[in-house]
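Working notes, beginning with the structure itself.
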Amino acid sequence: MIKVKNVTKKYDNFYAVRNINFEIKDGEIVGFLGRNGAGKTTTMNLITGFIEPTEGEIFVNGFNIDIKPKKAKAQIGYMPEGTPLYTDLTVREFVNYMAELKLVPKKERRTAVDEAIKATGLEKVQDNLTRNLSRGYKQRVSFAGAIVGNPKILILDEPTVGLDPKQVIEIRELIKSFRKDHTVLISSHILSEISQLCERVIIIDKGEIVAVDTPSNLESKTSGNLCLDIVVDDLNNSIMTLKDNIEEIEEIKLLETKEDSTKEYIITTSSTNDIRKKIFAECSKAEISILEMKKYENSLEDAFIKLVEDRPEYSQKEVNKMQYEKEIEEIRAEMDNKRLEKENRKQAIKEEKARKKAEKEAKKDAKKSEENNEEGGNK
Amino acid sequence: MFAVYKKELKTYVCTPIGYVFIGLFLLILSLMFYVGIFSSQYINFEYLFYDGTTIILFTLPLLTMRLFSEERKNGTDQLLFTSPRSITSIVLGKFFAAVTIVLIAELFTLMYFFILNYFGNPSLPIALTTLLGFFLFCISGIAIGMFVSSITENQIISAFATIGVFLLMLFGPQLTNLFKPFYTVYFFQESFLTGLVKLKSVILFIALTVLFILLTIIGLQKRKSLK
């Protein structure tokens, strides 16, 4: 489990990430999407403890990375961006060194290294120096370094960059195989990869979390009115009559005239309702043969673009203003707390006084009744 | 610490750096030995180390320049500092690996003692105090070089900056009293080379070493919040 709580990373007046919050549950594969410089790598570096946040807390499997860094880091397998490797070591030596750094016990180390090398398909090159490997293999070595020792949490920064299509599929399959008993956070620019691999997606832009949801929810939430892609055999050129007969149709746009004289159109509608039945009926009346008709699906890419584009670019003045407002809010909250504390204290003192008074009166009453009893006895 | 130590030692052995350092140091020392001692038939082992200190000031940065600069430049510091190893253990692992290479170079200097012993009768106790002093002198130099390496990602800058610091320590005391406590060459020469192990000198070298190791650890820790 990874929990990022109110984390901010600030360099002078520049916010690399600002007040981000998210949680990744055990066994989840989560994608981290964002444009270049959005704050993906900074967030990953914060989670792995490579850099410290200016504000906020990060918990890795329950361990605060600032307070218990050793325990927190022992849970993580990190594959940094750009595949940094020790070029004077062989593949096996590198993976073994990573296992040693991760405190894998000596008895289990050999098996752990063998497993990591096997899983990443590096058996053939395990005795080669890493500097002599192709980019794809280097990527695999870096991945082997991350998974050696079977860490509970994997953080992969652009894991498939530089791989050929076959290797990409292999690495994706490998990542999928970790689904059951690992928590995986992947950053990638390849949106199709994220939608294939991940159960949830975190979209970050300009250092702020824009959306956290499943790929399908993001796609449906950001999709607008229904669009249809239709291929017709329309000898009479009467397709435009559909617009007059079906009121939901906003626009019919010719996309392509094919060699066999069939035509492909994009029909834009003004509602989200499915109007395919109506179109089918009207086409039948107008003697238009429908060869193909499908909904134009909103992809994760569309969702991503819609979410991150046109987001306001804050000026320094606005950033200062927000910071000022935040500080004022904090001061107000602090003052409220103090006032509340004072009131509680006053209340407690009052109650204590009342209690003491009641005790005194009870004692007085007891004394009086004793005296009365004594007087009665004397009489 | 041992994992980092082993890996660093391997790097020194598998790359030319270790051999270049040992080879260059012994080559210049051998020339000094031939010109200054052997040809003048002067049976004095410790005499060799008057020059040895100057040679090491220029060759030691070869060992220390890459310690952290290379990691930073290649991005492998991400692998090191995201591992469950503490910064202290990483720094000490690297430090002791460099110390081991210096120790190997120093053991090779014993051959000059045996050559002199063949022709005459050099003093063994003075030779031993000389070697002890030289070792302490070198480890303080490694700590300084490692600190400089931790504050830059360019190895060349790291090497020249280390040489600059060494030169300041060498000539600074003649310019101002401010550098007097760091006049390690003087402390080495007036104590160990005369066969005396002065507590003041030993403490100075050890204090310098510990100070710069601590500065390296604090600097790396501090950089986490600045990065």
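A few notes on this one:
- Any hit, region A:89-98, residues being away from every other protein chain (no Cβ under 12 Å), surrounded by fewer than 23 Cβ atoms within 10 Å (Cβ to Cβ) and either under 23 Å from B:K7 (Cα atoms) or within 19 Å of the chain's Cα centre (by Cα) (or both): yes
- Looking at B:F113, B:F119, just one residue is away from chain A (no Cβ under 14 Å) and surrounded by 15 or more Cβ atoms within 10 Å (Cβ to Cβ), and that residue is B:F113.
- If you check A:T262, A:T269, A:T183 for being farther than 15 Å from A:I29 by Cα, at pLDDT 85 or above and of a type in the set (S, T, Y), only one passes: A:T262.
- Qualifying residue in region A:72-83 (condition: among the charged types (D, E, K, R) and over 13 Å from B:L79 (Cβ atoms)): no
- Leading residue by the ranking (modelled with the lowest pLDDT) among those in region A:10-66 that are more than 21 Å from A:E81 (Cα to Cα) and among the polar types (S, T, N, Q): A:N13
- Applying the set (1) modelled with pLDDT of 80 or more; (2) touching a Leu at 6+ places or on another chain (Cβ under 7 Å); (3) part of a helix (DSSP H, G or I) to B:S83 leaves exactly one unmet item: (3).
- From B:T82, B:T76, B:T54, B:T59, residue being more than 14 Å from every other protein chain (Cβ to nearest Cβ) and surrounded by 16 or more Cβ atoms within 10 Å (Cβ to Cβ): B:T59
- Of the residues screened, A:R179 is one that is part of a loop (DSSP other than H, G, I, E, B), surrounded by fewer than 18 Cβ atoms within 10 Å (Cβ to Cβ) and more than 10 Å from chain B (Cβ to nearest Cβ).
- Region A:100-112, subset more than 7 Å from every other protein chain (Cβ to nearest Cβ) and part of a helix (DSSP H, G or I), residue nearest to A:R140 (Cα to Cα): A:A112
- Verdict on A:K152 being touching a His at 6+ places or on another chain (Cβ under 8 Å) and closer than 26 Å to A:G39 by Cβ: yes
- When B:A143 is tested against (1) closer than 20 Å to B:L26 by Cβ; (2) away from chain A (no Cβ under 14 Å); (3) touching a Leu at 6+ places or on another chain (Cβ under 9 Å); (4) not aromatic (F, W, Y), only condition (1) is not met.
- Filtering region B:3-41 to residues that are among the hydroxyl-bearing types (S, T, Y) and surrounded by fewer than 14 Cβ atoms within 10 Å (Cβ to Cβ) leaves B:T15, B:Y19, B:Y34, B:S39, B:S40.
- Which listed residue, of B:L136, B:L92, B:L132, is surrounded by fewer than 16 Cβ atoms within 10 Å (Cβ to Cβ), assigned to a helix (DSSP H, G or I) and within 17 Å of the chain's Cα centre (by Cα): B:L132
- The set of residues in region B:5-51 being within 14 Å of another protein chain (Cβ to nearest Cβ) and not in a helix (DSSP H, G or I) consists of B:T15 alone.
- In region A:76-88, the residues that are facing chain B (nearest Cβ under 8 Å) and in contact with a Pro (Cβ under 9 Å, 6 or more places away or on another chain): A:I76, A:Y78
- Condition check for A:I47: buried (at least 22 other Cβ atoms within 10 Å of the Cβ) and under 17 Å from A:L156 (Cα atoms): yes
- Residue ID - nearest to the other protein chains (Cβ to nearest Cβ), chosen from residues in region B:95-109 that are crowded, with 18+ Cβ neighbours inside 10 Å and either among the aromatic types (F, W, Y) or not in a helix (DSSP H, G or I) (or both): B:F96
- Residue, surrounded by the most Cβ atoms within 10 Å (Cβ to Cβ), within region A:58-75, restricted to residues that are more than 7 Å from chain B (Cβ to nearest Cβ) and either small (G, A, S) or under 18 Å from A:R140 (Cα atoms) (or both): A:A72
- Taking the numbered list (1) in a strand (DSSP E or B); (2) crowded, with 22+ Cβ neighbours inside 10 Å; (3) of a type in the set (V, I, T) in turn, A:V212 passes all entries but (2).
- Within region A:48-57, none of the residues are hydroxyl-bearing (S, T, Y), more than 10 Å from chain B (Cβ to nearest Cβ) and within 20 Å of the chain's Cα centre (by Cα).
- B:T59 farther than 17 Å from B:S150 by Cβ and free of Cβ contacts under 8 Å to residues at least 40 places away in the same chain: yes
- Residue check for A:L156: of a type in the set (A, V, I, L, M), over 26 Å from the mean Cα position of the chain (by Cα) and modelled with pLDDT of 85 or more: no
The values are calculated or read from the model by the stated rules, or taken from the named source; none is laboratory data. Since we're looking at a predicted model, the values are computed, not measured. Counting neighbours? That spans all protein chains shown, and the Cβs are built from the backbone with ideal geometry, glycine included.
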